[in-house]
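The values are calculated or read from the model by the stated rules, or taken from the named source; none is laboratory data. Remember, it's a predicted structure, so these values are computed and weren't measured experimentally. Using ideal geometry, Cβ is built from the backbone for each residue, glycine included, and neighbour counts are taken over all protein chains shown.
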Amino acid sequence: MAKSEKTDRSAVVKKMKAQQRSAERRGSFMIVGICIAVGVLIVGAAAYRPVMNWWELRQFNDIDLAAIGAPASVCQPEQILAATGEQDHRETGDIEYETSPPVFGPHRPSPAPMDRKFYTPEDRPEIEQLIHNSEHGYAILWYDETAAADDEMMADIRGISSKLQGTDNLRLKFKAVPWEGEADGGEAFPEGQHIAIGRWTSTLEPEQGDAPEFDGEPGESGYGILEYCSEPSGEALNDFMLRWPYTNSVEPLGA
């Protein structure tokens, strides 16, 4: 074989190998590009709701709690009930409560942490756990399925929750949680009412305003205070939490 033929064949082989390496690099870059694009889509989808929540809450940055949502007039008079269930801890099992939503009664041994203020149906703690929070003086705002489907009401509830962030000041004991009626073992709210604010108190001596009238027998575990509203009202919640602070709850020092 002539030397020139060997040289030509060697050149062809080198060229083919170079083309193969180039193709492999392009394939690798394409795979990396696809992976990056998929990663961006996944991250973007995961971040969409938090970003939208942040954007919605911006409108409340310079607004007082009492200025968010409807006026307090959308709420009905307080309902007073004799309470039971203090220190009645139950590890497991469904518990039947007297009211919809519940305010007092037997409950789980541990409350939900104070740092979380707003919940959806997908991540809400057990109702039995939330009643332990109620025993420790939390004001709990329950919203029904009608409110959950209303973007404006949900934006107001998130805005209200954003004003009550923190764990150092026990006056910020608050949670906004969904109520699903029969699915939660109870009933729907009264007709036209989509919000309920509840507090478990030890006495009927409010910190502000006149004491409510109550002609029933005193509760062995204090009293449940329940207020229904047709819409979220920061003003009503603000008044309610000032009137019935955590300090007059059954176990005020529990976080």
May I ask you to verify whether T146 is among the hydroxyl-bearing types (S, T, Y) and without any contact (Cβ under 8 Å) to a residue 60 or more places away in the chain? yes
Based on what the data block shows, is G216 in contact (Cβ under 8 Å) with a residue 24 or more places away in the chain and on the phi > 0 side of the Ramachandran plot? no
Consider the range 178-187. How many of its residues are loosely packed, with under 14 Cβ neighbours inside 10 Å and either assigned to a loop (DSSP other than H, G, I, E, B) or aromatic (F, W, Y) (or both)? 1
Examine the range 159-166 for a residue that is under 20 Å from the mean Cα position of the chain (by Cα), assigned to a helix (DSSP H, G or I), farther than 24 Å from D62 by Cβ and at pLDDT 95 or above, and state whether such a residue exists. no
Take the residues in the range 243-255 that are out of contact with any helix residue (DSSP H, G or I) (no Cβ under 9 Å at 6 or more places or on another chain) and either surrounded by fewer than 24 Cβ atoms within 10 Å (Cβ to Cβ) or not in a loop (DSSP other than H, G, I, E, B) (or both), then tell me which one is modelled with the lowest pLDDT. N248
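Per-residue answers, yes or no, for (1) modelled with pLDDT of 95 or more; (2) part of a loop (DSSP other than H, G, I, E, B); (3) touching a helix residue (DSSP H, G or I) at 6+ places or on another chain (Cβ under 9 Å):
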| residue | (1), (2), (3) |
| --- | --- |
| F189 | yes, yes, yes |
| E207 | no, yes, yes |
| G224 | yes, no, yes |
| E227 | yes, no, yes |
Going by the structure shown, is E128 free of Cβ contacts under 8 Å to residues at least 60 places away in the same chain and in the same structural domain as T203 (by TED's automatic domain parsing)? yes
Please go through the range 200-213 and give me each residue that is surrounded by 15 or more Cβ atoms within 10 Å (Cβ to Cβ) and either β-branched (V, I, T) or closer than 22 Å to Q129 by Cα (or both), ordered by number. W200, T201, S202
Return only the number of the condition from (1) out of contact with any Ser or Thr (no Cβ under 9 Å at 6 or more places or on another chain); (2) farther than 22 Å from N248 by Cα; (3) of a type in the set (D, E, K, R) that D210 does not satisfy. (2)
Does at least one position in the range 174-184 carry a residue that is more than 17 Å from G69 (Cα to Cα) and in contact with a Pro (Cβ under 6 Å, 6 or more places away or on another chain)? yes
Output yes when any residue across the range 93-104 is modelled with pLDDT under 95 and among the aliphatic types (A, V, I, L, M), and no when none is. yes
If only one of S230, S221 is of a type in the set (G, A, S) and either within 21 Å of M154 (Cβ to Cβ) or outside the structural domain of Q76 (by TED's automatic domain parsing) (or both), which one is it? S230
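Look through I157, I140, I197, I127 and report the one residue that is more than 17 Å from E227 (Cβ to Cβ) and either buried (at least 20 other Cβ atoms within 10 Å of the Cβ) or β-branched (V, I, T) (or both).
Just one listed residue meets the conditions, I127.
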